[in-house]
Amino acid sequence: MLRVEEIEAGYGGARVLRGLSLSVAAGELLCVMGRNGAGKSTALKAIMGLVRPSAGRILLDGVPIEALPAHRIPRLGIAYVPQGRRLFAELTVAENIEIGLMTRGRGTETRERVLSLFPRLRDRLAQVSGTLSGGEQQMLAIARALCLEPKVLLLDEPTEGLQPSMITLIRETIMALKSTGVATVLVEQRVEAVLSIADRVSFVVNGATAETLDAARLTPDAPQFRQYVGV
């Protein structure tokens with residue numbers, strides 16, 4: 001589905017990604033873990049065309065996309081929920097959802113399916129999104145992304161700063177998406193959350209993939225978490 005092959009990228013003269021590779025198949029959840037500054041968020045931005053790789057390839061269903069402009073990537077079916085949500089804060093919940101639907105020309109059926117995943121948003125359609133709670137804003141960010149009916153979903157620390165009930169809801173939603181064939185790349189730092197939902201875990205160090213393992217082979221006290229994620 002999605003393959004990233006030895007990409008290099010950065011900001012100005014600062015190189016962040018140094019030959020990073022990863023892949024995720026339909027219906028699979030790949031978790032990307034690493035210390036702050038390892039390049040996890042930059043990798044997602046590179047996939048979305050927001051950071052241009054200087055080397056390497058990014059392929060969707062075998063077709064290179066690394067040279068495409070950023071506005072083309074979502075239309076191919078790659079949805080992105082960035083860290084910090086990045087909602088249109090002055091627009092209502094309904095308007096944010098409508099923007100998601102417009103990206104790939106989806107309509108009422110998609111809207112209803114997305115709202116069925118987040119019933120709380122249905123009760124707040126007329127509310128300005130900037131006035132939602134943190135958990136509700138994260139719901140809306142994910143809902144807007146799902147309005148693309150994506151093949152691939154990129155999630156950058158979606159549970160950061162949320163209360164346990166919201167974390168559980170988002171985890172259940174991600175698991176439900178797996179069953180529909182969506183390929184999910186999740187950046188996450190919470191070990192227990194990762195092991196409960198991931199199929200594979202890629203550990204990123206200094207802008208490169210150090211190791212990728214089946215989640216079933218890992219336990220919370222596995223040495224990889226201390227080596228690649230611990231402070």
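The values are calculated or read from the model by the stated rules, or taken from the named source; none is laboratory data. Note that this is a predicted model, so its numbers are computed, not measured. Please note: Cβ atoms are built from the backbone with ideal geometry, for glycine as well, and neighbour counts cover all protein chains shown.
Yes or no, residue by residue, for (1) more than 30 Å from T219 (Cα to Cα); (2) hydrophobic (A, V, I, L, M, F, W, C):
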site	(1), (2)
R120	yes, no
Q137	yes, no
A145	yes, yes
P158	no, no
I167	no, yes
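Looking only at residues in segment 173-183 that are in contact with a Pro (Cβ under 9 Å, 6 or more places away or on another chain) and β-branched (V, I, T), the one that is surrounded by the most Cβ atoms within 10 Å (Cβ to Cβ) is V182. Scanning segment 126-144 for residues that are outside any helix (DSSP H, G or I), in contact with a strand residue (DSSP E or B) (Cβ under 8 Å, 6 or more places away or on another chain) and either of a type in the set (K, R) or surrounded by 14 or more Cβ atoms within 10 Å (Cβ to Cβ) (or both) yields Q127, V128.
Out of the residues in segment 63-88 meeting the condition of being small (G, A, S) and either part of a loop (DSSP other than H, G, I, E, B) or touching a helix residue (DSSP H, G or I) at 6+ places or on another chain (Cβ under 8 Å) (or both), tell me which one is surrounded by the fewest Cβ atoms within 10 Å (Cβ to Cβ). Going through the qualifying residues, I end up with A67. Among the residues in segment 95-109, are any surrounded by 15 or more Cβ atoms within 10 Å (Cβ to Cβ) and part of a loop (DSSP other than H, G, I, E, B)? Yes, segment 95-109 contains at least one residue that is surrounded by 15 or more Cβ atoms within 10 Å (Cβ to Cβ) and part of a loop (DSSP other than H, G, I, E, B). Scanning segment 121-146 for residues that are without any contact (Cβ under 8 Å) to a residue 12 or more places away in the chain and within 17 Å of P164 (Cα to Cα) turns up just one, S133. Condition first: farther than 16 Å from A46 by Cβ, of a type in the set (G, A, S) and touching a residue at least 12 places away in the same chain (Cβ under 8 Å). Now tell me which residues in segment 71-103 satisfy that. Listed by number, the residues that qualify are G77, A89, A94, G100. Given the structure, is G161 part of a loop (DSSP other than H, G, I, E, B), modelled with pLDDT of 85 or more and over 11 Å from the mean Cα position of the chain (by Cα)? The answer is no for G161.
Return yes or no: is D156 under 21 Å from M48 (Cβ atoms), at pLDDT 90 or above and either assigned by TED's automatic domain parsing to the domain that holds E188 or not aliphatic (A, V, I, L, M) (or both)? So D156 passes the test. R171 passes every criterion in (1) outside any strand (DSSP E or B); (2) within 30 Å of E8 (Cβ to Cβ) apart from (2). Screening T184 against (1) among the hydroxyl-bearing types (S, T, Y); (2) in a strand (DSSP E or B); (3) more than 22 Å from L59 (Cβ to Cβ) leaves a single unmet condition, (3).
Considering (1) surrounded by 15 or more Cβ atoms within 10 Å (Cβ to Cβ); (2) touching a Leu at 6+ places or on another chain (Cβ under 9 Å); (3) more than 30 Å from L59 (Cβ to Cβ), say which one L91 fails and leave the rest. Of (1) surrounded by 15 or more Cβ atoms within 10 Å (Cβ to Cβ); (2) touching a Leu at 6+ places or on another chain (Cβ under 9 Å); (3) more than 30 Å from L59 (Cβ to Cβ), only one is false for L91: (2). Checked against (1) crowded, with 17+ Cβ neighbours inside 10 Å; (2) over 26 Å from A46 (Cβ atoms); (3) modelled with pLDDT of 90 or more, P150 passes all but condition (2).
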